[in-house]
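One structure is given below, encoded as structure tokens.
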Amino acid sequence: MTFLSILCALLIEQLKPLRADNLIYAEIKSFAMRMEGWFNAGDASNGRMGWVLVILLLVGPTALISWLLYNYQLVFIAFAWNVLIVYLTLGFRHYSHYFSSIQAALSGGDEAGARALLAEWARIDTVGMEASEVARIAVEKSLLTTHRNVFGVFFWFLILGPAGAVMYRVSEYLARAWNEPDHMRNEAFGQFAARAFYWIDWLPVRLTAVAFAVVGNFEDAIYAWRNFAHRWSDEARGIILSAGGGAMGVRLGTPNENASKVLPPDAATVDSTYSEVEVMPGEEPNARALQSTVGLVWRALLLWMLLLLLLSGAVGLANIGQVAT
């Protein structure tokens, strides 16, 4: 049922994408803001209490409904419930129009249009930004968004069902909403939300990086992951972007992240000022890199679906074996 639920949700989303500003998301965001207003007294323990309460109030009913449907063997309703939750928690098509429009603008030489689209999507200042920088940020945002809106959801839906998918997306949102806005930065209130999502996302991040490596240039992806991921201040971001960039042969990250000066083994005996630059493998991002990103994401998605199909088949055969005995 897991594989079929995800497959149906993906097909429905391709036909009728859920807008990123839909009513359900807006209500959850409003609820999170109210909780922050009620609990934020500048203390980390209040942030922990607020996070736990939000998770319980949103994940608890989801888990209860799933349990009741399975307990009373309402198979078809349970299947529809699974599809609904996956559809609501997935975000495969939420921002794809931005990415496609930026790709078309760069391919057509419309750098001003590409900068305007990126500014609207990423909410950053893109005035005077070069085409390679626009392409780099668009690729990075696409890889990160795909992981958090698709592959992370897949993993937790597989582990905990609908409750797991809701937990993942809500915890991801709280980690952003309670830490990234200007008025929340460096506040103790959001520390627990960020740490909780770090551990929730710890394994999915690495599975996504492995998937990128398997469907791309495996050697360069693993090399970039091992040698460059730690240069990002955000560990998860570093793993996804270094592995994804290596898999595509595209150099992602800022100059400080994708290159550093390293001393040779005998530097102490040669010259203390001697250094050589270790550069992340790959080319500078361009319009073709956006097309490579589309291919990488779709291949990784097919790999995940294949693994889910095999796992579902194995579980089904095991259940048949138990019934037969």
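Details
- For residue 250, residues with placed amide H under 5 Å, excluding near neighbours: 283
- Ranked order, 215, 75, 86 - accessible area, probe 1.4 Å, largest first: 75, 215, 86
- Normalising the average separation of contacting C-alpha pairs (under 8 angstrom, six or more residues apart) by the number of residues puts the relative contact order of the chain at 19 percent.
- Think of the chain as a dipole: +1 on every Lys or Arg Cβ, -1 on every Asp or Glu Cβ, centred on the Cα centre; then among 221, 300, 134, 300 lies furthest on the positive end.
- With the convex hull drawn over the C-alpha atoms of the chain, the volume per residue is 180 Å³.
- Percent breakdown of C-alpha pair distances by 10 Å bin, ordered from the shortest bin, for the stretch 45-106: 18, 28, 24, 20, 9, 1
- Probe 1.4 Å - accessible area at residue 101, Å² to nearest ten: 50
- Principal-axis analysis of the Cα atoms of the chain puts helix 23-39 at an angle of about 80° to the longest axis.
- Label point distance in nm, residue 294-residue 123, each placed 7 Å from Cα along Cα→Cβ: 2.7
- Put a plus charge on the Cβ of each Lys and Arg, a minus charge on the Cβ of each Asp and Glu, and nothing anywhere else: the dipole of the chain about its Cα centre is then about 1060 debye.
- About its Cα centre, the stretch 111-251 has a charge dipole of approximately 300 debye under the convention of +1 per Lys or Arg Cβ and -1 per Asp or Glu Cβ, with nothing else charged.
- Given a 1.4 Å probe and the protein chains as shown, residue 54 ends up with an accessible area of around 0 Å².
- Exposure ranking of 110, 201, 182 by accessible area [1.4 Å probe, largest first]: 182, 110, 201
- Seen against the Cα atoms of the chain and their longest principal axis, helix 235-248 is set at about 70 degrees.
- Cα-based Rg / Dmax (Å) for the stretch 132-261: 15.1, 47
- Site pair residue 34 and residue 185 shows an inter-label distance of 3.0 nm when each label is modelled 7 Å from Cα along Cα→Cβ.
- Probe 1.4 Å - accessible area at residue 199, Å² to nearest ten: 140
- When 100, 242 are compared by accessible area at a 1.4 angstrom probe, the order from most to least is 100, 242.
- Computed from the C-beta positions of residue 130 and residue 11, the FRET efficiency with R₀ = 41 Å rounds to 0.60.
- Paramagnetic reach from residue 65 (point 7 Å along Cα→Cβ, amide N under 18 Å) across the stretch 76-94: 76-91
The values are calculated or read from the model by the stated rules, or taken from the named source; none is laboratory data. Quantities reported herein were computed from a predicted structural model and do not represent experimental measurements. Because the Cβ atoms are built from the backbone with ideal geometry, glycine has one as well, and the counts that use them run over all protein chains shown. All accessible areas refer to the heavy atoms of the entire protein, side chains included, with ligands and DNA or RNA removed. Shrake-Rupley method; radii C 1.70, N 1.55, O 1.52, S 1.80 Å.
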